[in-house]
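Notes follow once the structure below has been shown.
The values are calculated or read from the model by the stated rules, or taken from the named source; none is laboratory data. Predicted, not measured: the structure shown is a model, and the values here were computed from it. Backbone-built Cβ (ideal geometry, glycine too); neighbour counts: all protein chains shown. Side chains included, ligands, DNA and RNA excluded: accessible areas come from the protein's heavy atoms. Shrake-Rupley method; radii C 1.70, N 1.55, O 1.52, S 1.80 Å.
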Amino acid sequence: MLRCAVQDGDDHGLDDAADTPVRKIIHVDMDAFYASVEQRDDPSLRGKPVAVGGSSRRGVVAAASYEARKFGVRSAMPSITAKRQCPGLIFVPPRFEVYRDISHQIRAIFRDYADEVEPLSLDEAYLDVSADKAGLGSATAAAKLIRQRIREETGLTASAGVSYNKFIAKLASDQNKPDGITIIPPGKGAAFVQTLSIRRFHGIGPVTSAKMEGLGVFSGADLADKDPMWLAENFGNSAEWLFNLARGIDHRRVKSNRPLKSLGGERTFFNDLITDTEIREALAHVCTVVWDRAAKKGARGRTVTLKLRYADFRTITRAKSVIAPILDGNSLLAAGEAILAPLLPTEQGIRLLGVTLSKFEGEEDDEEDGAAAPADLLSLI
């Protein structure tokens, strides 16, 4: 039976309990982070369309400058497609160590304003400034000062969303990019959410949004019009979550120490892999890299997920769980081979292969968060 929240978190500005004060959440998102770093460090790239990533026909765009985005260039786009859409596109190889160093510098700034900081990636994070650690009097003042310090100390710009929960703060940070700030106070969240396209909702991916549009749900307002029974019939266990989002309700806390949910690696190949031997050798290589990373982190997982992308860009994932945690690289490879075996021989070439390890020892399901932490995924391009 579907249980929907009856508390109107939007009108009353409350959280999980009636006596809990409103939270003050900031979501900070760096503007075109990787590409902006490259433009900062190489003045000749400023004002030009830049893509961070490989320029080969099998390369992938890791990040695009705003000049490149005007041509439709986006992250995860094949480089050959990006070049076709923007003939003047300049490709720059990624420098992840530089990006990590700058990310640490930015996080140090965050710590001056909040004890609860939850990084989502190198270039974005949630901050709970309810305690007013810096004594500024408001979350808006904190967000403005954080953005100012990032600009002064790194030469980069950031956008911020300020609101009473994580979902709306993240939506707000994207509202006035680049170099903008949006404040959505209690009492305004539902109205804000309901003006947005369903494709803007964080946590609703392309498959779900396409399904929604097929059912006539194109905006937050359309979603808010649907009753709990309709949501349950069409979206199952996600019904309550969707019901709440359409009303600006999100009870998740900002968590400083997000547990690692998964880690993995994937490799894009310059030439398609055709033979069983080639594919198995590639699997062994990726498994070796993944296990090295897992061993360094002391992560022992029970679920292995294999990802294959074929020559026509069709992508599949298959997973296998074992009773006891995987304790060595050979066991990880054996699990990967067990998943791969039914998929061979392949009718067409494989252009990408990935392996992810998850369900780590001591991990418990976190129902409050609503969604798992993103995978720690390493590109092996």
Pick out the one residue from Leu215, Leu263, Leu231 that is farther than 28 Å from Arg23 by Cβ and either within 19 Å of the chain's Cα centre (by Cα) or open to solvent by less than 40 Å² (accessible area, probe 1.4 Å) (or both). Leu263
Top-ranked residue of segment 266-322 - restricted to ones that are of a type in the set (S, T, N, Q) and more than 18 Å from Gly59 (Cβ to Cβ), ranked as least open to solvent (accessible area, probe 1.4 Å): Thr303
Six or more apart or on different chains, Cβ atoms under 8 Å: show the pairs whose first residue is in segment 141-162 and at negative phi and whose second is hydroxyl-bearing (Ser, Thr, Tyr) and in a loop (DSSP other than H, G, I, E, B). Ala142/Tyr113; Leu145/Tyr113; Ile146/Tyr113; Arg147/Thr157; Ile150/Thr157; Arg151/Thr157
Here is a list: Ala68, Ala125. Which entry is in contact (Cβ under 8 Å) with a residue 40 or more places away in the chain, of a type in the set (A, V, I, L, M) and open to solvent by less than 10 Å² (accessible area, probe 1.4 Å)? Ala125
Asp115: open to solvent by 30 Å² or more (accessible area, probe 1.4 Å), in contact (Cβ under 8 Å) with a residue 60 or more places away in the chain and over 20 Å from the mean Cα position of the chain (by Cα), yes or no? yes
Scan segment 285-300 and tell me whether some residue there is without any contact (Cβ under 8 Å) to a residue 40 or more places away in the chain, of a type in the set (A, V, I, L, M) and either in contact with a Leu (Cβ under 6 Å, 6 or more places away or on another chain) or under 30 Å from Ala324 (Cβ atoms) (or both). yes
For segment 303-357, enumerate the residues that are in contact with a Lys or Arg (Cβ under 6 Å, 6 or more places away or on another chain) and polar (S, T, N, Q). Thr303, Thr315, Thr317, Ser321
Mind listing whichever residues of segment 130-184 are touching a Phe, Trp or Tyr at 6+ places or on another chain (Cβ under 7 Å) and open to solvent by 10 Å² or more (accessible area, probe 1.4 Å)? Lys133, Ala134, Pro178, Ile184
Identify, please: which residue in segment 121-150 is among the polar types (S, T, N, Q) and over 13 Å from Ser163 (Cα atoms) and is, among those, modelled with the highest pLDDT? Gln148
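For Gln85, indicate whether it is more than 24 Å from the chain's Cα centre (by Cα) and either surrounded by fewer than 22 Cβ atoms within 10 Å (Cβ to Cβ) or at pLDDT 95 or above (or both).
Working: more than 24 Å from the chain's Cα centre (by Cα): yes; either surrounded by fewer than 22 Cβ atoms within 10 Å (Cβ to Cβ) or at pLDDT 95 or above (or both): yes.
So Gln85 fits the description; yes.
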Modelled with pLDDT under 90 and out of contact with any helix residue (DSSP H, G or I) (no Cβ under 9 Å at 6 or more places or on another chain): does that describe Lys296? yes
Test: residue in segment 34-43 that is at positive phi and open to solvent by 50 Å² or more (accessible area, probe 1.4 Å): no
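Before we move on, is Asp366 at pLDDT below 90, closer than 30 Å to Phe201 by Cβ and open to solvent by less than 70 Å² (accessible area, probe 1.4 Å)?
Numbers: at pLDDT below 90: yes; closer than 30 Å to Phe201 by Cβ: yes; open to solvent by less than 70 Å² (accessible area, probe 1.4 Å): yes.
Yes.
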